[in-house]
Amino acid sequence: MALGTLTALPVPAPRVIDRRVAAGAMLLAPLAAVPLAVLAGLVVLAGDALGLPVLAGVGVVVGAVGLASRGLHLDGLADTADGLGASFDRTRALEIMRRGDSGPTGVATLVLVLIIQCGALGGAISAGHGVTAAVAGTLASRWVLALCCTRGVPSARPEGLGATVAGSIRPLWTAATLCAAAGLATLAPGLEWWRGPLAVAAAVLAAGLVLWRCTTRLGGITGDVLGACVEFAAAASWLALAP
């Protein structure tokens with residue numbers, strides 16, 4: 001479920017999707033994102049070897065990761081922005097998010113977040129640790145899915161991906177996996193020991209703010225909200241690694 005949901009890798013569909021499977025898939029999200037992180041790092045290396053301008057190189061990185069995840073999180077970001085920006089009525093906002101088309105608020109938010117991602121990752125490349133930043137940001141942004149699916153976070157709808165994963169992870173498991181992320185981040189090559197955990201903290205803070213806004217405004221999470229959290233977390237972690 002983790003690989004099939006979060007990447008474009010052709011894997012068999014899970015035989016059963018229940019709360020236990022959903023919780024495991026969200027906890028395994030960073031592991032499922034390893035191919036995406038490797039792809040991001042390799043594209044940075046290729047851009048450097050080919051002498052591509054930094055902006056062009058980071059555009060390819062962000063685009064490659066987006067395509068390798070089937071644009072799922074980018075679509076979720078745009079739909080969430082449209083829902084939050086279009087109506088103060090919760091039912092109306094959820095209906096707008098369900099449509100799948102992108103309005104002006106969604107397009108503008110998508111463009112702005114992608115600009116921030118490219119600018120921040122470009123700063124990391126210019127600072128000489130672009131590969132590490134590309135890998136770390138990609139993984140950290142998927143690590144926040146455990147936070148989004150912690151017990152106590154409701155689903156905005158009775159059906160859909162959000163309803164399957166919402167509240168499926170015990171807080172202790174969330175704390176454990178985020179502490180593991182921070183601990184592993186201290187080993188990030190080419191960075192001071194504290195820079196990696198700072199990127200993880202930035203990703204968690206960004207996702208937490210999106211999560212808070214969506215739960216108070218929409219009444220819970222949806223699959224689109226999860227995608228928005230991932231994209232904001234990626235932007236925040238790359239900003240933390242930009243200098």
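Each value in this text was obtained by applying a stated rule to the coordinates, not by laboratory testing. Quick caveat: nothing in here was measured; it's all calculated off a predicted structure. With ideal geometry, Cβ positions are generated from the backbone for all residues, glycine too; neighbour counts draw on all protein chains shown.
What to note about this one:
- Over all pairs of different C-alpha atoms, the chain has a mean inverse distance whose reciprocal, the Kirkwood radius, equals 17.8 Å.
- With the Kirkwood sum run over all distinct C-alpha pairs, the range 171-243 has a hydrodynamic radius of 12.9 Å.
- Axis angle, to the nearest 10 degrees, between helix 72-86 and the longest C-alpha principal axis of the chain: 60 degrees.
- Using only side-chain charges placed at the Cβ, +1 for Lys and Arg and -1 for Asp and Glu, the dipole size of the chain relative to its Cα centre rounds to 620 debye.
- Angle in degrees between helix 130-143 and the longest Cα principal axis of the chain, rounded to the nearest 10: 10
- If the segment from L31 to D48 were pulled out straight at 0.36 nm per residue, it would be longer than the present Cα-Cα gap by 3.5 nm.
- Build a GNM of the chain with springs between Cα atoms under 10 Å apart, and of A175, A146, A136 the one that fluctuates most is A175.
- Spin-label pair R70/D101, simplified geometry with 7 Å Cα→Cβ offset, distance in nm: 2.3
- All other residues whose Cβ lies under 14 angstrom from that of A124 are scored, Lys and Arg at +1 and Asp and Glu at -1, for a net of -1.
- Placed amide H near S155: partners under 5 Å, 5+ positions off or other chain: I221
- Furthest towards positive pole of dipole, G103, V165, L6, structure part the chain, Cβ charges: V165
- Cα-based helix-to-principal-axis angle, 90-99 vs the chain, degrees rounded to 10: 60
- Dipole axis of the chain (+1 Lys, Arg; -1 Asp, Glu on Cβ), positive-most option in A234, V21, A37: V21
- Summing +1 for each Lys or Arg and -1 for each Asp or Glu among the other residues whose beta-carbon sits under 15 angstrom from that of G137 gives +1.
- With each label modelled as a point 7 angstrom along the Cα→C-beta vector, the R20-R170 pair spans 1.4 nm.
- Cα convex hull volume per residue for the range 1-126 (Å³): 130
- Cα gyration tensor category, rounded, prolate or oblate, for the range 109-218 with a/c compared to 1.5: oblate
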